[in-house]
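Working notes for the structure below.
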2 protein chains.
Amino acid sequence: MGDEGQPNATLKEISEPVRIELDALESHFKDYLRTDVPVIDSIFQHLLDGGGKRFRPLLVLLVASCNNSIPPEDINRLAVAVEFIHTATLLHDDVVDQSDVRRGNRVAHHIWGAEPSVLAGDYLYSRAFSILVEIGHLGILQSMSTATTSMARGEVLQLLRSYSVATTIEEYIEVITGKTASLISGSCRAAGYLANFDDIVLKALEQYGLNLGLSFQIVDDILDYTAQKGVFGKTTGKDFLEGKVTLPVIILQEVLGSGSRREVADIFLKEAPDPDDFEKVREMMNQEGVFERTREIARQYSDKASAELAVFPKSDSRTSLEAMVKYVVYRKA
Amino acid sequence: MGDEGQPNATLKEISEPVRIELDALESHFKDYLRTDVPVIDSIFQHLLDGGGKRFRPLLVLLVASCNNSIPPEDINRLAVAVEFIHTATLLHDDVVDQSDVRRGNRVAHHIWGAEPSVLAGDYLYSRAFSILVEIGHLGILQSMSTATTSMARGEVLQLLRSYSVATTIEEYIEVITGKTASLISGSCRAAGYLANFDDIVLKALEQYGLNLGLSFQIVDDILDYTAQKGVFGKTTGKDFLEGKVTLPVIILQEVLGSGSRREVADIFLKEAPDPDDFEKVREMMNQEGVFERTREIARQYSDKASAELAVFPKSDSRTSLEAMVKYVVYRKA
């Protein structure tokens with residue numbers, strides 16, 4: 001935590017080595033999506049306009065840019081496919097979570113109904129696999145299908161553990177490994193295949209992505225309590241209202257005495273918690289230093305991610321991948 | 001229609017050449033599914049116990065059995081994957097359609113809620129692709145990812161055209177090509193790759209599956225009006241209540257005078273149609289010979305499917321594939 005005050009690179013600075021390719025992706029997304037079905041195109045347009053960090057495609061571009069001999073269209077295919085898979089899970093999550101705001105926009109299924117959101121998610125998902133098949137590399141297909149299977153499993157686990165206040169840190173890590181880290185890990189490994197790295201680097205990239213993904217999600221879960229409205233593209237308190245027992249909740253229970261712990265559990269299990277309940281929990285977290293403790297755990301995963309980069313060739317890309325691990329921990333959105 | 005009275009082979013008889021392999025699939029489904037997550041396993045168990053015709057796996061087995069040198073585990077993988085993809089779409093359709101009965105059982109999302117159904121569908125879908133990747137054949141992956149993309153597109157089109165009484169036959173065929181025929185077509189082609197057939201046979205298998213699939217769905221849409229409860233594992237009138245403008249509805253409008261046509265359209269566009277409305281439409285269809293006319297169109301597609309088999313090596317499998325086209329047209333369930 002010593003470097004918490006230190007200025008870290010912005011995502012824009014991190015993207016510098018692949019800025020042109022990253023910007024160009026926006027039109028590739030559209031090209032790969034055109035469906036001749038207006039309602040699908042509208043949903044996608046809406047989601048694409050919503051932006052998002054393009055975090056996964058950026059990782060793909062950074063890893064792949066270490067090798068000049070990769071056909072650019074294959075890099076684009078992989079970058080587009082990982083973003084499509086990510087977007088598909090957002091669409092399905094929104095139906096599952098019944099959430100109201102995603103990236104500060106109205107959620108697709110509130111505009112078009114749940115049906116097209118489920119089906120548009122399926123479409124994106126299928127398109128992603130078609131695009132991956134076009135690359136024609138079985139290792140990439142294997143990485144990505146393993147990742148999506150792990151994601152679906154993680155999402156189900158998360159649903160099962162909703163409102164389960166006794167969730168352990170290990171169970172929480174199992175959930176976020178599936179729902180978030182597996183796709184980031186698979187994307188990094190897949191990009192490593194494209195770049196023709198050997199098994200040692202592939203394994204390191206997989207572990208880099210895994211630990212970076214865990215750090216990323218832990219900080220996401222902090223931001224659900226601490227983000228200022230408007231800065232972060234989500235409603236604060238969303239996880240709380242959905243009964244998601246995230247790391248800040250687990251840590252809070254650990255540090256509290258049994259009396260207060262009981263109180264938190266009772267709030268969490270309420271039929272209809274209100275904004276005051278949320279404020280109360282957030283205030284307790286603040287007082288008990290929960291956010292610092294939670295961020296410290298995120299930092300440990302980021303450190304692990306960083307260490308994996310030792311086998312990666314020194315380059316501007318590697319500098320960016322190193323900067324990414326800090327960005328993830330200290331980001332405000 | 002001349003052979004309508006002629007006894008056709010049962011599905012059991014058709015399966016005879018691959019009976020042992022087909023029966024063995026039931027345990028393979030389970031083996032490939034075990035997730036260590038009890039609620040997912042329960043959903044799958046429920047769906048697997050529900051049975052279903054195993055129509056797509058049967059086609060895979062019949063096509064693949066023409067070549068003795070295919071590793072049996074690859075045949076099983078393909079057969080399992082196509083059934084998983086089919087089951088995933090059933091799960092998502094049920095959420096989209098809000099239907100009550102599927103194969104005579106309670107629909108999964110009524111027992112466990114919509115959330116696990118969406119996510120379990122995603123899981124099945126991802127597993128299917130992982131299993132296909134294990135086969136390690138890009139042609140198979142390409143056939144299957146093209147099929148699933150086409151399915152998702154067809155499902156969205158169908159949703160868009162709900163309650164659109166002016167749907168044309170061409171638009172209807174476009175929808176069912178996507179939602180039903182593309183997976184059957186892709187499964188046949190993929191099985192052809194396994195069996196090492198040349199491009200001519202692969203193309204013929206693709207066309208066989210496409211036309212068989214169209215015939216299959218058209219008859220499904222007839223059965224939604226004519227099936228006796230209990231015989232067919234669906235509620236009669238489901239399509240009608242969901243405002244699906246299927247071929248019997250299109251044909252009915254074609255044969256009616258403009259006055260009665262208007263009446264049908266009005267019934268179809270009712271806010272809350274009741275069983276009497278359904279009976280009325282069904283009775284009109286009966287009187288106007290709509291079911292025979294519709295079945296005749298199914299028969300034409302089956303004939304096209306049959307013709308494609310000319311290039312397929314003569315064998316017990318081919319006899320079964322030929323019997324399948326008649327079974328599909330004249331089946332009662």
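The values are calculated or read from the model by the stated rules, or taken from the named source; none is laboratory data. It should be emphasised that the depicted structure is a prediction, and the values quoted were computed from it without experimental measurement. Every residue, glycine as well, gets a Cβ built from its backbone with ideal geometry; the counts of neighbours run over all protein chains shown.
Could you give every pair whose Cβ atoms fall below 9 Å, whose first residue belongs to region B:125-138 and is at the interface with chain A (Cβ under 7 Å from one of its Cβ atoms) and in contact (Cβ under 8 Å) with a residue 12 or more places away in the chain, and whose second residue is in a loop (DSSP other than H, G, I, E, B) and of a type outside the set (Lys, Arg), counting only separations of at least 6 or pairs across chains? From region B:125-138, the pairs are B:127/B:35.
Specify which of the listed residues (A:283, A:322) is outside any loop (DSSP other than H, G, I, E, B) and loosely packed, with under 14 Cβ neighbours inside 10 Å. One residue alone meets the criteria, A:283. Out of A:34, A:77, one residue alone is basic (Lys, Arg), more than 23 Å from residue A:302 (Cα to Cα), within 14 Å of chain B (Cβ to nearest Cβ) and in contact (Cβ under 8 Å) with a residue 12 or more places away in the chain. It is A:77. In region B:153-164, the residue that is farthest from the other protein chains (Cβ to nearest Cβ) out of those that are in a loop (DSSP other than H, G, I, E, B) and touching a helix residue (DSSP H, G or I) at 6+ places or on another chain (Cβ under 7 Å) is B:163. If you check B:238, B:203 for being more than 14 Å from chain A (Cβ to nearest Cβ), more than 17 Å from the chain's Cα centre (by Cα) and of a type outside the set (Asp, Glu), only one passes: B:203.
Taking the numbered list (1) surrounded by 14 or more Cβ atoms within 10 Å (Cβ to Cβ); (2) of a type outside the set (S, T, N, Q); (3) under 25 Å from the mean Cα position of the chain (by Cα); (4) not in a helix (DSSP H, G or I) in turn, residue A:278 passes all entries but (4).
Evaluate the following for residue B:219: is it part of a helix (DSSP H, G or I), within 17 Å of the chain's Cα centre (by Cα) and at pLDDT 95 or above? Judged against the criteria, residue B:219 is a match.
Annotation note: of A:299, A:262, the sole residue that is in a helix (DSSP H, G or I) and without any contact (Cβ under 8 Å) to a residue 60 or more places away in the chain is A:262.
Given the condition among the charged types (D, E, K, R) and not in a helix (DSSP H, G or I), answer yes or no: does some residue in region B:165-187 qualify? So far as region B:165-187 goes, no, none of its residues is among the charged types (D, E, K, R) and not in a helix (DSSP H, G or I).
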